[in-house]
Amino acid sequence: MVSREASRRILEQRIARKPARLTSADTRGLTEVPLEADEQLQPALREKEALELAEIGLVIERYFGSPQDIEWVIDPDGQIFVLQARMLHTGRAGLRSAAPT
């Protein structure tokens, strides 16, 4: 969870065990690669990436005027690409967003 304040910071981090990761498989899409035990509890994102993604999400939210569900990827060089964005639906009446304030 990242703050919305101008001085972005990580507010909360939850790291789930990941037995495998998806990686590109030449020209055949994705393949699942098992992770070693010490890798399974490593964060999926570095702090810098999480903060950059939060900033991108807020820019997209401001552009569309409401919170968005955003799909993204990070290439091997660390560059973030937004694949698509669509209105965030929380499924709960009266809530504008599930995003932290």
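Some observations on this one:
- A simple charge model with +1 on the Cβ of Lys and Arg, -1 on the Cβ of Asp and Glu and nothing else charged puts the dipole of the chain at about 520 debye relative to its Cα centre.
- Principal-axis tilt of helix 47-64 within the chain, Cα atoms, nearest 10 degrees: 40 degrees
- DSSP-assigned coil residues among GluC sites (Glu not before Pro) in region 2-101, each with at most 15 further Cβ atoms within 10 Å: Glu5, Glu12, Glu36, Glu39
- Per-residue ³J(HN,Hα) for region 74-84, Karplus 6.51 cos²θ - 1.76 cosθ + 1.60, θ = phi - 60°, Hz, x for Gly and Pro: 10, 7, x, 8, x, 7, 8, 10, 8, 8, 6
- Overall size of the chain from C-alpha positions, given as principal axis extents largest first: 42, 30, 29 Å.
- Within the accessible surface of the chain, defined with a 1.4 Å probe on protein heavy atoms only, the carbon and sulfur portion equals 52 percent.
- Per residue accessible area of the chain, 1.4 Å probe, in Å²: 79 Å²
The values are calculated or read from the model by the stated rules, or taken from the named source; none is laboratory data. The structure presented is a predicted model; accordingly, all values stated were derived computationally and were not measured. When we count neighbours, we look across all protein chains shown, and the Cβ atoms used for this are built from the backbone with ideal geometry, even at glycine. Areas reflect the complete protein model, heavy atoms only, side chains present, ligands, DNA and RNA absent. Shrake-Rupley method; radii C 1.70, N 1.55, O 1.52, S 1.80 Å.
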